[in-house]
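Written below as structure tokens is the structure these notes are about.
The values are calculated or read from the model by the stated rules, or taken from the named source; none is laboratory data. Here the structure is a predicted model, which is why all the values come from computation and not from measurement. Here the Cβ is made from the backbone with ideal geometry for all residues, glycine too, and neighbour counts use every protein chain on show. To get the accessible areas, we keep the full protein, side chains included, count just its heavy atoms, and leave off ligands, DNA and RNA. Shrake-Rupley method; radii C 1.70, N 1.55, O 1.52, S 1.80 Å.
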Amino acid sequence: MIEKTKVMEGESMKSLQMKYNGLQILFWLSYLAIYGYVAIFLQYRGLSNTDIGIVTGGGAILSIFLSPFISSLLSRIKGLSINKLIFTLYLIMIVIFTVLTIITSPIFLIMILYVFLLSLIAAMVPLFSTICMNYLKDGQYINFGLARGLGSISYAAGAIIVGQLIEFFNPTVIAFVYTIASIALLILLYTMPPYQIQEETTTKNQENIFSVIKKYRIFFFILVAFTFMYAASTALSTYLINIVKNLGGNTSLYGIAVFCMAASEMPIMSITYRLLKKYRSETLLLASAFFYVLRNLTICLAPHLIVLLVGMMFQGLSFGLFTATITYYVNDHLDVSDQMMGQTMIAMMSTGLGSSIGNIFGGILQDSLGLNSMLIFVCGLTLIGCFIMFMTLKNKVGLGHRPLIKSTKNS
């Protein structure tokens, strides 16, 4: 059983929601600085598309192994809470990004440092999801979709601002944005009640990933389908600057495109909890796969920037709907002892395996065969992912009510 949250005396549910909203806002602003402008930052440092693919793919691959290791630290180190773990990891990332801002060579060192930076920020995504799910189990109602949606708005607004700052200064300004967001996040995190998992539960969480896959076959195949679609969208996102420039745009328009993408997530994520009261989670997951096809194919076939922006706005109905739904799916369908691993597996298959496929092959295809070859590759991945999702969930869609989250407050 999971130990109850030590909620500070007088901490209202509304106050906790506001703090968690702020946590997601600052996290995704810092995530933007690392991931959103990775191609621009590394191009400024002299890296080619292939080099960028190796860096982003390497970071994604490393996160596959780093994410479960970081999660396991909660059980290996006595007294370590999620808050303390996040605090430590952020301090490490601030140091790495500071070094990257100062050094201009050798390229090999820059690549290694950025790989670690990418893997660390990706490995932290499930930690922020787990914070919310733990509060829910403790009887503290937190709307994850709303908070995650505000994080997307933060990402969107940050993309516009950072894009303008880069045009006015240079790409190293990204590091200053990251540092400011990170310090603010750590200050806010310090004011939030810590959540520590009892040894009994975390010992179970260390079960082999393959045993979890065997136990939850449908969940695994959902993640496999998402891996293909996420790989496709990652290739489009990482090399979006190249697509924008190919259509006649610049860095400022790139920021607008990212804004359209991220801002569309907010309304969908915020209402996902309500949608789950009417529709089964499987129905929403299959719908998100359909919208992934619309999103990716529209972007790939866009003849000009307006159509590209329309495609980017399907982000909410594809990624946004999937992300919020799968987070609740884990909470509703997996045993309590398996939920931390479940959240970790989402990150491993998406920002881990999916990102590595999209980034590595996206960069290599562009440098060897041109941009159009990558776009064809993206269309193929998207259709494969949608097909797997359909075959997995075709007999499970329909109306339904999500089960109420069981509070462990009195357990």
(message) Filter the range 267-318 down to the residues that are of a type in the set (S, T, N, Q) and either at pLDDT below 90 or open to solvent by 10 Å² or more (accessible area, probe 1.4 Å) (or both) and list them by number.
(response) S270, T272, S281, T283, T298, Q315
(request) Identify the residue in the range 138-181 that is farther than 18 Å from S30 by Cα and among the charged types (D, E, K, R) and, among all such residues, is most open to solvent (accessible area, probe 1.4 Å). (result) E167
(message) Any residue in the range 45-62 that is farther than 11 Å from G363 by Cα sitting within a Cβ distance under 7 Å of a residue that is outside any helix (DSSP H, G or I) and among the hydroxyl-bearing types (S, T, Y)? List the pairs, counting only those 6 or more apart or interchain.
(response) R45/T104
(request) Report whether or not S237 is open to solvent by 10 Å² or more (accessible area, probe 1.4 Å), small (G, A, S), within 20 Å of Q366 (Cβ to Cβ) and part of a helix (DSSP H, G or I). (result) yes
(message) Looking at the range 240-252 only, could you name the residues that are surrounded by fewer than 16 Cβ atoms within 10 Å (Cβ to Cβ) and in a helix (DSSP H, G or I)?
(response) K245, N246, S252
(message) Out of the helices (runs of 4 or more DSSP H) lying entirely within the range 68-177, which hold 1 or more residues that are over 23 Å from I40 (Cβ atoms) and over 20 Å from the mean Cα position of the chain (by Cα)?
(response) 82-102, 125-137
(request) Tally the residues that are open to solvent by 20 Å² or more (accessible area, probe 1.4 Å) and under 18 Å from G352 (Cα atoms), restricting the search to the range 33-49. (result) 1
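Could you check the range 264-313 and list, in sequence order, the residues that are under 30 Å from I142 (Cβ atoms) and not in a helix (DSSP H, G or I)?
Just the residues of the range 264-313 that are under 30 Å from I142 (Cβ atoms), to begin with: 264-292, 295, 312-313.
Residues satisfying the conditions are S264, L276, K277, K278, Y279, R280, M313.
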(request) Kindly indicate the residue of the range 228-266 that is at pLDDT 85 or above and of a type in the set (F, W, Y) and also farthest from E167 (Cα to Cα) among those meeting that condition. (result) F228
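Out of the residues in the range 79-90 that are of a type outside the set (S, T, Y) and in contact (Cβ under 8 Å) with a residue 60 or more places away in the chain, which is surrounded by the fewest Cβ atoms within 10 Å (Cβ to Cβ)? Full working, then the answer.
So the first thing to find is which residues in the range 79-90 are of a type outside the set (S, T, Y), and the list is 79-80, 82-87, 89.
Among the residues that remain, those that are also in contact (Cβ under 8 Å) with a residue 60 or more places away in the chain are: 79-80, 82-84, 86-87.
Working: G79: 7, L80: 17, I82: 22, N83: 19, K84: 16, I86: 20, F87: 14.
Per the criteria, the residue is G79.
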(request) Go through (1) at pLDDT 80 or above; (2) open to solvent by 10 Å² or more (accessible area, probe 1.4 Å) and name the single condition I70 misses. (result) (2)
